[in-house]
Structures are given as C-alpha cells and as structure tokens.
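J.: Below: one structure in structure tokens.
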Amino acid sequence: MFTGLQHCSGPHEGALAQVTKSGGTETLTYMHTDHLMTPRFGTNAAGTTVWTWDSGAFGKEVPTGTATVNLRFPGQFYDSETTLFYNWNRYYNPATGRYVSSDPMGIDEGLGTYNYVEQNPLLHIDPEGLAKRERFAPGFPETYKRKVLRAITRAKELLDSCKAPCCVTQKDIDRMKLALDKATFKYEKFLKDKNGNIVPDGCARADAAGEGDKISISKLGITNRAGCGCKLSALLAHEAFHYLKPKGSDEEEDKQEATAINVEKMCFGCKPVTKE
C-alpha cells in the first residue's frame, strides 16, 4: 500500500488531499482544515466524511473514521511506532503538549525550549519544530483576534457551500481558503495605502502572495462599519482573492476588484456595492 499527499505549492502550501493506493485501487481523501491549516475532517469522492480529528488544544485525542490519515498540526505527521508527532526537527508529544527534546535553536525563541508555540496552540503553529509562526502581526489587539479567527472559519464554510458559478473557479476557491489559512493578519487602526498615506475609510488591504504575505485590517473593517462589506467573513474572502492574485495594471486590478465584489455577493449574500 502506498499513501501520498497532494499539496498546493507556493505561499499557500498545504495538503489538499491524501492519495492511498492498494493494489490497483486508488482512494482519495479530501482534507478540510481549520483556521490554522490543521486537517479536521476528510471526505471521499462522494462528499461523505470518512475521517475526523476533533481534538483539544494540544492534539492528544485520537482521530475517528474509516480512513487512515496521519496528518496532525501543520508540519506534523503521526508516528504509529512512538505515538508521537514527527515535526521535522524534533518530535512532539500530544499527551503533554510539549516537545520531547529541546529546541535546536536554543533560547532564541524563549527560555521554554520544550514548549509548543509558547503553550498557545489555538493561535500559533510551528511547522518546522523550531519556532512558532504568527497568525497575527505584533500589535494586533487581543480583543479582535478571536473575532477574526471565527470570521476565517465562517468564510471558508461559505466558500465551500458557494455553488453559484459567478466569477471564480473551484481552484480559486480552494486557493482563497488556503490564503486565509496562510496569511499573517496585521492590524492598522487607520489603513494606509502603499505610499504610507492614511485612507480614512479604508477597510482592508492584501499584499499579493510573495509581497509580504499579509492581510491588513482596519478597525473599521473588523467592526463592520458601513462600506466594509456586509460581514467580516466576506471582507476577508474579498481580500483573500486579492492575496492570491499578483498586482497588475490598473485595468487588471479593476477586474480583480469586480470579481472579489461578486464573490461577496454570490457566496456571502452581500449587496453588490462595497469597497476594499
């Protein structure tokens, strides 16, 4: 039996599906992830759930289902011989929520060299087993983080259920979901344009993939003030579309903006008039 993973490469990397070959039979299990890009359930070609990992914060719970999936937190793979999670540079013990060996980087990431993401796995990941990766840039208000994470989850759900062939392909929808999982979110009380000038009514701004890999959100955008889309999840999906598209001419960017607005309308039920 052979098991492999199909990934989306580039700045939005992540497992999309698991391919299992046994004899002449090939079985696909499609991965569905949470806001940290951790696989939470898998479905077969018919859309039936065949694997579920409904774990607590540190991942000690055992998955259920008829399919075998060894993916765990981002960058981790379940090792059946040790029951530990292989995390590239060291092993992670989900029973204790700590690594079994000290951080190879020493104390550069803090004095707790056995800690996993500074004991905050709901907000951070550590794909290489070396250092936590931030979901939020420094200075992002704690009171808004949970709201953004909930909006990311909701945005992915609505993109999944969006059946209207309005403007984007299924591939684009998948990439938008991965962009929401991958991007670092930055808070700006008042949004600024690329020249550093304040945009008083700005809602959000996405740096294209490879140009910073972040989505900036203003207070107006997070609190859903008028003109910032009908809901935060729609605003984030709008910016995720910009995030995966490289910057082009003014005409190309106008077309991208029109498409992103159509996504808000068709997938989130927003009125057609909104702004970035």
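The values are calculated or read from the model by the stated rules, or taken from the named source; none is laboratory data. All figures in this text were calculated on a predicted structure; none of them were measured in a lab. Glycine gets a Cβ as well: all are built from the backbone with ideal geometry, and neighbour counts include every protein chain shown.
J.: Which ones in segment 119-148 are of a type in the set (Asp, Glu) and farther than 17 Å from Lys182 by Cα?
T.: Scanning segment 119-148 gives a single hit, Glu142.
J.: Looking at segment 230-241, which of its residues are farther than 21 Å from Glu142 by Cα and either surrounded by fewer than 24 Cβ atoms within 10 Å (Cβ to Cβ) or modelled with pLDDT under 85 (or both)?
T.: Cys230
J.: Sticking with this one: Consider only pairs whose beta carbons are under 7 Å apart and that are at least six residues apart or on different chains; among these, list those whose first residue lies in segment 180-193 and is without any contact (Cβ under 8 Å) to a residue 40 or more places away in the chain and whose second residue is part of a strand (DSSP E or B) and surrounded by fewer than 20 Cβ atoms within 10 Å (Cβ to Cβ).
T.: Phe190/Ile198; Lys192/Ile198
J.: Test Leu158 against the criterion of being outside any loop (DSSP other than H, G, I, E, B) and either loosely packed, with under 13 Cβ neighbours inside 10 Å or in the same structural domain as Glu188 (by TED's automatic domain parsing) (or both), and give yes or no.
T.: The answer is yes for Leu158.
J.: Hey, another quick one. Restricting the search to segment 170-199, which residues are of a type in the set (A, V, I, L, M, F, W, C) and either more than 30 Å from Thr33 (Cβ to Cβ) or surrounded by fewer than 17 Cβ atoms within 10 Å (Cβ to Cβ) (or both)?
T.: Matches in segment 170-199: Phe190, Ile198, Val199.
J.: Under the condition of being in contact with a strand residue (DSSP E or B) (Cβ under 8 Å, 6 or more places away or on another chain) and basic (Lys, Arg), which residue from segment 109-155 is nearest to Arg90 (Cα to Cα)?
T.: Per the stated criteria, the residue is Lys132.
J.: Say we look at segment 244-261 and pick out the residues that are closer than 21 Å to Lys177 by Cα and assigned to a helix (DSSP H, G or I); which of these is modelled with the lowest pLDDT?
T.: That would be Glu253.
J.: Tell me which residues, restricted to segment 69-119, are charged (D, E, K, R) and either modelled with pLDDT under 95 or surrounded by fewer than 12 Cβ atoms within 10 Å (Cβ to Cβ) (or both).
T.: Hits for segment 69-119 are Glu81, Asp103, Asp108, Glu109, Glu118.
J.: Report yes if Arg146 is farther than 30 Å from Ser101 by Cβ and either assigned to a strand (DSSP E or B) or under 13 Å from the mean Cα position of the chain (by Cα) (or both), otherwise no.
T.: Considered against the rule, which asks whether it is farther than 30 Å from Ser101 by Cβ and either assigned to a strand (DSSP E or B) or under 13 Å from the mean Cα position of the chain (by Cα) (or both), Arg146 comes out as no.
J.: If you check Gly196, Gly202, Gly227, which single one turns out to be more than 17 Å from the chain's Cα centre (by Cα), modelled with pLDDT of 85 or more, outside any strand (DSSP E or B) and not β-branched (Val, Ile, Thr)?
T.: From the options Gly196, Gly202, Gly227, the qualifying one is Gly202.
J.: For segment 104-122, give me each residue that is in contact (Cβ under 8 Å) with a residue 60 or more places away in the chain and under 26 Å from Lys219 (Cβ atoms).
T.: Matches in segment 104-122: Leu122 only.
J.: Continuing with this model, one more query. Quick one: how many residues across segment 55-83 are farther than 20 Å from Glu128 by Cα and in contact with a strand residue (DSSP E or B) (Cβ under 7 Å, 6 or more places away or on another chain)?
T.: Residues flagged as farther than 20 Å from Glu128 by Cα and in contact with a strand residue (DSSP E or B) (Cβ under 7 Å, 6 or more places away or on another chain) within segment 55-83 amount to 5.
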